[in-house]
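J.: One structure coming up, written as C-alpha cells, with questions to follow.
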Amino acid sequence: MWGGRFAEGPSSVMREINASIPFDKRMWRQDIAGSKAHVAMLGKQGIVDAADAATISAGLDAVAADYERDGVPEDLALEDIHMLTEARLAEKIGPVAGRLHTARSRNDQVATDFRLWVRDATDQVLAALAALQDALLARADEHAGSVMPGFTHLQSAQPVTLGHHLMAYFEMIARDVSRFADARARGNRCPLGSAALAGTGFPLDREATAAALGFDGPTRNSLDAVSDRDFALDYLMAAAQCALHLSRLAEEFVIWASQPFGFVKLSDQWSTGSSIMPQKRNPDAAELVRGHSGRIVGCLTSLMITMKGLPLAYSKDMQDDKPPVFEAHDLLALSIAAMTGMVESAQFRTDRMRGLAESGFATATDLADWLVREGGIPFREAHHITGRAVAAAEAKNVRLDQLELADLQAIDQRIDERVFGVLTVDASVASRISFGGTAPVRVREAIAAARAARGV
C-alpha cells in the first residue's frame, strides 16, 4: 500500500499494532454496502465509466459471497477490512478495482461504515428492548393487584403491588428506548464524500449516496465528518444507562431469590448449581448482568478518554473507537436477552410478598393519613401518634390492624373504629389512586396506556 512513499516495509510490531482487521472485520457488510453505494454514484456522475462501475459492483457482490461463506480472513499486511476488501476485489476483477477508491479516503469510508454498523446495532437493541417491555407488561398485568412490600433503604416502607414495581422498570426501559432512538436520529448523516478531511474536487452527488444507504442526508462539514465519533459515544451513553437499569432489575432478582426474601424462584434456565453444595440454586445470570453493567460503563469511559484531546481531523488513536463499542453491544445484547428470559419465566411467590408486606407495619403512613383526613390533626402530630401505635403493636407482636381499638384509643382518643378500614395492606394499595400510584386500577390504566402508546 505504501510502496510509492516508503522504501522499507513496516516492522512486525508496527504491522501488528497498526492492523485493525482482527476486530473491524465484523463491519464487512457495512463496508460492502458503502462501497456499492459509492461506486454506483461514481458511475451515475460519469466519474467512473458505467461499465467499470457495474464490474466493480458485481465484484463486490462476489467478495461478499466469499465472506458470507468462508468468513473474513485476517491479513495483517492489509491492515483493515477496507484494504482487505479492495485487495479481494482486485483478485476478482483485476486493475479496474483500483477505480473504486476514486474521490474517497479511508477516513470517510470508515466513518461511514462505523455509522452504518452502529445504526444496525441500535436497531437490534431497540428490538430486544421491545421484547423486554412486552415481558414486563405481561407480568405487570398478571400481578396488578398482587401486594408486596415497597422499600426505601431496603426497609419495608409502604405496600405496593408487584405490577406497580415491574412497571417502574418498564418506565426505565422506555426512557432507554427514547435515548437509543434519539442517538440513531442524531447520527444518521452520511460522511461519504468528505474524503480525507477537506472534501474532493470530483463532482459527487452526496445526497444520492446518503439516500442509497438510508441516511437522512450527508454530513455538512468534511472536517467534522471524518473526525466525529459522537454517534458512537451516544450509543455507548445510551447503552451504559440501559445497563444500569438492567443491573438494578438484576439486583432485585438476586435479592428476591435469596432465602430470607423468597419472593421469586428463578427457572432452571437462568440458574446454576454449586460444585460442592447440591442444594444451591444460584442466580448467576442476574449476577452476570449486574457485572456486565460495569464493563459497559468502562467501554464508554474508554472511548471518551480516547477522544478527549484529539485535534482535527483524523488521528490513528481513533482506530481504537470500535472495540469498546463492539464489546458493549455484545454485552448489552446478552444482558437484555437474559433479563427478558428471567422476567418471562420467574415464579413470583406472591404469598411470601404479601406476608412480609403485612408484617412490617407498612400501613403506618395510612394511619397517619387517616388521622389528618378524619381527625383534622396536623401531619407532624399524626406522625407522632402513629409512631406510638407502631411501638404498641411491636410490643404486642401484632400487626397494626390487629391492635384492639382500646389500644389505639389509649394512645389518642380521636381514633375510632373507622380506622380499621385503612390498616390492611389491600386497603392501603387501593387508596393510592393518585396518577402514577400503586392502586391496582391505576396500574392497569398505566399498562393499557403503555400498550396503546406502543401499538400492541
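The values are calculated or read from the model by the stated rules, or taken from the named source; none is laboratory data. For clarity, every value in this text was computed on a predicted model and none was experimentally measured. Cβ atoms come from the backbone with ideal geometry, glycine included; neighbour counts cover every protein chain shown. When the accessible area is computed, the model is the full protein with side chains, heavy atoms only, and any ligands, DNA or RNA have been set aside. Shrake-Rupley method; radii C 1.70, N 1.55, O 1.52, S 1.80 Å.
J.: Which value, in Å², gives the accessible area per residue of segment 16-102 when a 1.4 Å probe is used on the protein heavy atoms?
T.: The answer is 43 Å² per residue.
J.: Could you work out [θ]222 nm for the chain from helices alone, using -39500 (n - 2.57) per DSSP H run of at least four and dividing by all its residues? Round to the nearest 500 deg cm²/dmol.
T.: Dividing the helical sum by the residues of the chain leaves -20500 deg cm²/dmol.
J.: Kindly provide the Kirkwood hydrodynamic radius of the chain in Å, to one decimal, from all pairs of distinct alpha carbon atoms.
T.: 26.3 Å
J.: Could I ask something else about it? So what is the diffusion coefficient of segment 357-454 in µm² per second by Stokes-Einstein at 37 °C and 0.692 mPa s, using a Kirkwood Rh over Cα pairs?
T.: This corresponds to a translational diffusion coefficient of 227 µm²/s.
J.: By how many nm would the segment from Glu251 to Thr272 grow when fully extended, if each residue of separation counts as 0.36 nm and the alpha-carbon distance is taken off?
T.: Length gained between Glu251 and Thr272: 5.9 nm.
J.: With labels modelled as points extended 7 Å from the Cα through the Cβ direction, what inter-label distance (nm, one decimal) is found for Ala211 paired with Glu16?
T.: 4.9 nm
J.: Please sort 70-77, 362-369 by packing, taking for each peptide the average over its residues of neighbouring beta carbons within 10 angstrom, highest first.
T.: Final packing ranking: 362-369, 70-77.
J.: For the pair Arg380 and Asp182, what calculated FRET efficiency results from E = 1/(1 + (r/R0)^6), where r is the Cβ-Cβ distance and R0 = 56 Å, to the nearest 0.05?
T.: 0.80
J.: If packing is taken as the average number of other Cβ atoms within 10 Å across a peptide's residues, how do 285-295, 41-51, 234-244 rank, most packed first?
T.: 234-244, 285-295, 41-51
J.: To one decimal place, what Kirkwood hydrodynamic radius in Å is obtained for segment 379-436 from all pairs of distinct Cα atoms?
T.: It works out to 12.3 Å.
J.: Further, regarding this structure: Lys pairs in the chain, Cα-Cα under 21 Å, at least 8 apart or on separate chains: how many?
T.: For the chain, the number of qualifying lysine pairs is 9.
J.: Rounded to the nearest 0.05, what FRET efficiency is calculated for Arg349 and Ala131 with R0 set to 22 Å and r the Cβ-Cβ distance?
T.: 0.35
J.: Of all the C-alpha pairs in segment 313-384, what % are more than 14 Å from each other?
T.: Everything past 14 Å amounts to 78 percent.
J.: Using a cut-off of 11 Å between beta-carbons, work out the net charge of the residues near Glu68 (Lys and Arg +1, Asp and Glu -1, Glu68 not included).
T.: -1
J.: Based on DSSP H assignment, which helices of the chain show an axial Cα extent of at least 15 Å together with a mean Kyte-Doolittle hydropathy greater than or equal to 0.0?
T.: Answer set is 50-70, 81-93, 230-257, 284-307, 322-345, 440-454.
J.: Considering only DSSP states other than H, G, I, E and B, which chymotrypsin sites (Phe, Trp or Tyr not before Pro) in segment 289-360 qualify as loop sites with at most 10 other Cβ atoms within 10 Å?
T.: none
J.: Let me see the P(r) profile for segment 97-248: every Cα-Cα distance counted, bins of 5 Å, each bin given as a percent of all pairs.
T.: Result, from short to long distances: 2, 9, 15, 15, 12, 10, 8, 7, 6, 5, 5, 3, 2, 1, 0 percent.
J.: Contour minus end-to-end for Ala406 and Arg454, with contour as 0.36 nm per residue of separation and end-to-end as the Cα-Cα distance?
T.: That pair, Ala406 and Arg454, stretches by 12.0 nm at full extension.
J.: Stretch Arg388-Asp120 to full length: gain in nm at 0.36 nm per residue minus the Cα-Cα span?
T.: That works out to 90.5 nm of additional length.
J.: Take each of the peptides 221-232, 296-307, 431-442, average the number of other beta-carbon atoms within 10 Å over its residues, and list them starting from the highest.
T.: For the peptides 221-232, 296-307, 431-442, the packing ranking is 221-232, 296-307, 431-442.
J.: Need one number: the % of Cα-Cα pairs in segment 16-102 sitting beyond the 21 Å mark.
T.: Every Cα pair in segment 16-102 considered, those over 21 Å come to 26 percent.
J.: Oh, and also: Would you mind telling me the share, in percent, of accessible area of the chain contributed by carbon and sulfur at probe 1.4 angstrom?
T.: 53 percent
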